[in-house]
Amino acid sequence: MAKNETVSVPADTWTQLTDGDVSSITFQVLGGEGVRVVAQNGAASDPSNAEDVIYYPPAHGERNVSLSDLFPGVTDPSRVYAYAPDAAIVFVSHA
């Protein structure tokens, strides 16, 4: 399902940024402290053990990047999750 919206990431909570499986994503950290971003193959009950990339506001993110390019060590990445020690705001867009 396509998505083009701002997502609130509550403090200390893994939050799925994608709506279902996707192959590429655009996102931008709009507020908060550093946001940890991970990709998984399918829905993850606890993505906290995955290796992550940290993005900092304002305006750090990725523009229409393939998940396999962004996370080459993840086999068939299809969902993206975010975590922030303090609440954060992330703009997300995907087909």
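Among the residues of the stretch 46-65, write down those that are closer than 21 Å to residue 1 by Cβ and not β-branched (Val, Ile, Thr).
Those that are closer than 21 Å to residue 1 by Cβ and not β-branched (Val, Ile, Thr): 47, 61, 62, 63, 64.
Output the residues belonging to the stretch 66-93 that are closer than 20 Å to residue 5 by Cα and in contact with a helix residue (DSSP H, G or I) (Cβ under 6 Å, 6 or more places away or on another chain).
81, the sole residue that qualifies.
Checking residue 32 against (1) over 13 Å from the mean Cα position of the chain (by Cα); (2) over 17 Å from residue 95 (Cα atoms); (3) surrounded by fewer than 20 Cβ atoms within 10 Å (Cβ to Cβ), only one condition comes out false. Which one?
(3)
A short reminder: the numbers here are calculations on the coordinates, not readings from a lab. Since the structure is predicted, the reported quantities are computational estimates derived from the model, not experimental observations. Here the Cβ is made from the backbone with ideal geometry for all residues, glycine too, and neighbour counts use every protein chain on show.
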